[in-house]
Amino acid sequence: MKTSLLFLILLPVVLTLQIGCARTQFHDPEFATIDSSNLPAPDLALEIPGLSSCTTEPDATVTLNSYEPVTIIVHGCASSAGRFRSLSQVFAFHGQQTVCFNYDDRDSLMQSSKELIAALSALSAKMNNLQITVIGHSQGGLISRAALTEEREDKFVAGDKTLRLVSVSAPYAGIAAADHCASVTARVLSLGLVIPVCRLISGEKWYEITFASPFVQQPGELLEEVSSHLKIVTNEKGTCRNYDQKGVCVEDDFVFSTKEQYLKKIDISPRVDNVEVEAGHVEIVGNYNVTPVKLIEIMQAKEIMSSTPPDRREKLSQLLSQLYLH
């Protein structure tokens, strides 16, 4: 087979898988800590593998009040805990404590979810409050749900804890950009080169993110202790991430279609609450030039984030401008 033909076969794989992650440079905040003035006084200082404050600080020690609920934020592909420092600050403004889960986004999704289970188990054992909420964006949504399913030998033993799951823009039906990786035809025509190319680009998760993988075809049932799964689906068609000085879009904010985010085997559960919103993939969680107003409104309406008292709304508006509009 000619080299040029191989290139044509593999080119779509390379180009499409490169946009399978929301790779973006986020604005470093002027301060690298969380304002804890509205948070309950901590009584724990923990070092748990995978968990850290939602900042770029190298110290992974997390301080929490064991008698208050805690929210764990799981980042997406090519992201980090620091990416969600601003959202963590918004939670803190409302008196809610958060921690972030960190993982290698090139690992197998099952491996990452295993690490999340270990982190959840260690944290849960230290918490006197019974409520834990897990929020996962993009690939983080896949990992979060996988960590909270029944059908696994290493499943999370929640005990007396009540769990809530929130996923945002998660491609539960598989990433369309990875279709070539699951294509038998593509493997034959490329003389098997599709597989190493897919692994090179996506890492050990390369097959798990395809529509044909057991990860997608057999998503499993949520743990009994998971009271609800708020599933925020983003209609990203026609969205823009960055504009030039003339107001012309120079980078769109489309990563996953709604078709990639809906999956009947998951959506039929009575505990799943699908909320579809017109928003870009990065826009929904906020960026250096956009405030995640839609996400905040949804989470407050669904009682994931506390409502803002009328006399503090102006202060919240000022905080959002400080955090996001740089």
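Where a number appears in this text, it was derived from the coordinates with a stated rule and is not lab data. Fair warning: this is a prediction, and the values are worked out from it, not measured in the lab. Quick reminder, even Gly has a Cβ in these numbers, built from the backbone with ideal geometry, and neighbours come from all protein chains shown.
Using just the helices of the chain, give the 222 nm mean residue ellipticity in deg cm²/dmol: DSSP H runs with n ≥ 4 each add -39,500 (n - 2.57), and the total is spread over all residues, rounded to 500.
Result for the chain: -8500 deg cm²/dmol, rounded to the nearest 500.
Too long at a 28 Å Cα-Cα cut-off: which of K114/K264; K114/K315; K155/K264; K155/K231?
Beyond 28 Å: K114/K315.
Across region 191-208, in residue order, what do the Karplus-derived ³J(HN,Hα) couplings come to in whole Hz, using 6.51 cos²θ - 1.76 cosθ + 1.60 with θ = phi - 60° and x for Gly and Pro?
Each residue of region 191-208 in turn: 6, x, 6, 4, 4, x, 5, 4, 5, 4, 7, 9, x, 5, 7, 3, 8, 4 Hz.
So, in Å, what gap is there between the alpha-carbon centers of region 157-231 and region 82-144?
Computed from Cα coordinates, the inter-centre distance equals 18 Å.
Each residue of region 237-252 in order: what ³J(HN,Hα) in whole Hz does its phi give by Karplus 6.51 cos²θ - 1.76 cosθ + 1.60, θ = phi - 60°, with x for Gly and Pro?
5, x, 8, 9, 8, 9, 10, 7, 5, 8, x, 8, 5, 10, 8, 6
Suppose we flag GluC sites (Glu not before Pro) only when DSSP calls them loop and at most 11 other Cβ atoms lie within 10 Å. Which is the longest uninterrupted stretch of the chain? All intermediate terms of the calculation are to be shown ahead of the outcome.
Working: sites that count: E30, E47, E151, E153, E224, E303.
It works out to 48-150.
Taking H placed 1.01 Å from N in the peptide plane, check which residues at least 5 places from E208 or on another chain put their amide H under 5 Å from its amide H.
Amide H to amide H, under 5 Å and 5 or more residues apart or across chains, E208 pairs with nothing.
Using a 10 angstrom cutoff on alpha carbons, build the Gaussian network for the chain and name the most mobile of V216, V277, V250.
The residue that fluctuates most here is V250.
Could you list which residues have their amide H under 5 Å from that of N242, counting only those 5 or more apart in sequence or on another chain, with H placed in the peptide plane?
V250, E251
Ignoring chymotrypsin sites (Phe, Trp or Tyr not before Pro) that are buried or in helix or strand per DSSP, and keeping those with at most 12 other beta carbon atoms within 10 Å, what is the longest stretch of the chain between them?
So the longest stretch without any such site is 68-326.
Please check: in the Gaussian network model of the chain (C-alpha springs, under 10 Å), which one of K315, K265, K155 has the largest mean-square fluctuation.
Answer for the Gaussian network model of the chain: K315.
Helix 3-18 versus the longest principal axis of the chain: what angle, 0 to 90°, nearest 10, using Cα atoms?
10 degrees
For V272, list long-range residues whose amide hydrogen, built 1.01 Å from N in the peptide plane, is under 5 Å from its own amide hydrogen.
H229
What are the equivalent ellipsoid semi-axes of the chain, built from the alpha-carbon gyration tensor (square roots of five times its eigenvalues), in whole angstrom, biggest first?
After scaling each eigenvalue by five and taking roots: 33, 24, 18 Å.
Straight distance only, please: which aspartates and glutamates reach the Cα of K205 with their own Cα at less than 13 Å, same-chain residues fewer than 8 apart left out?
D104, D105, D107
Percent relative contact order of the chain, based on C-alpha pairs within less than 8 angstrom and at least six residues apart?
17 percent.
Could you check what % of the DSSP bridge pairs in the chain are antiparallel, to the nearest 5?
Within the chain, antiparallel bridges account for around 25 percent of the total.
Determine ³J(HN,Hα), in whole Hz, for all residues of region 274-286 in sequence, where each value follows from phi through the Karplus function 6.51 cos²θ - 1.76 cosθ + 1.60 and θ = phi - 60°; x replaces Gly and Pro.
My calculation for region 274-286 gives 7, 10, 9, 9, 7, 6, x, 5, 8, 3, 4, 9, x Hz in order.
Which whole number of Å³ per residue matches the convex hull of the alpha-carbon atoms in region 176-302?
Numbers: hull volume 19.5 nm³, N = 127.
So the per-residue hull volume is 154 Å³.
Just to be sure I understand: with springs between alpha-carbon atoms less than 10 Å apart, which residue in S113, S227, S79 has the highest mean-square fluctuation in the Gaussian network model of the chain?
S227
Restricting to region 204-294, compute how many DSSP beta bridges are antiparallel as a %, nearest 5.
Percent antiparallel among DSSP bridges in region 204-294 is about 35.
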